[in-house]
Amino acid sequence: MTYVLRLFRSADAATLADLTLRAIRDVGTRRYSPVQVAAWAARHPGAERFLERAENGDWITVAADTDDTAVAYALMEQSAGASDGHLDMLYCHPAHTRKGLADRLLAHAENHARDQGMSRLFTEASELACPAFERAGYAVTHRRDFEIEGLDGSVSIHNYAMEKHLS
């Protein structure tokens, strides 16, 4: 299948919300417990949040399939004049994993960051996303252990603080 990278459109919002939840629920169980996955999924914003993020200037790029349906995306928080870029989200629909989309989206985000004059990108990567970020040249700075609210109280979970210096 051929994929095209393009900028987010408001019509993508519901699709991105759905694919994010499917990725968390279907792929998340490979590295996280069912309780952790449920708490993680419960924290994920709906379609309206993607619209707000885009309206507030965050950069969202999607990988679209041959039907122009978004199947993966990267979201970078943007602040005018910021020297660092926070890559806040990188998700791929479970049916489209292992096709190089994360690598392409990360390369595209890096090019965008360079065009914006940023000198560093950083993220908080899940166990699942960490290998893609490492392939793209990000280094783990530390493991982040924290708690999030689940259905039955606090749930311990972790991810990795990672960064890439751009030259």
Task: At R0 = 30 Å, FRET efficiency that the Cβ-Cβ distance of residue 111 and residue 48 yields, to 0.05 - done: 0.55
Task: Spin-label pair residue 69/residue 11, simplified geometry with 7 Å Cα→Cβ offset, distance in nm - done: 1.4
Task: the range 1-96, accessible area per residue, ligands and nucleic acids excluded (1.4 Å, Å²) - done: 48
TODO: Provide, for q = 0.24 Å⁻¹, the log10 of I(q)/I(0) from a solvent-free Debye sum over equal Cα point scatterers in the range 54-152.
DONE: -1.33
Task: the range 62-167: trypsin sites (Lys or Arg not before Pro) in DSSP loop, at most 14 other beta carbons within 10 Å - done: 98
Open item on the list: Using Cα springs under 10 Å in a Gaussian network model of the chain, which residue among 51, 21, 101 shows the largest mean-square fluctuation?
Closed with: 51
TODO: Output the Cα-based Rg and Dmax of the chain in Å, rounding Rg to one decimal and Dmax to a whole number.
DONE: 15.4, 46
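The values are calculated or read from the model by the stated rules, or taken from the named source; none is laboratory data. Computed from a prediction, not measured in an experiment: that's the story for all the values here. As a convention, Cβ positions derive from the backbone with ideal geometry for all residues, glycine included, and neighbour counts pool all protein chains shown. For accessibility, only protein heavy atoms count, side chains too; no ligands or nucleic acids. Shrake-Rupley method; radii C 1.70, N 1.55, O 1.52, S 1.80 Å.
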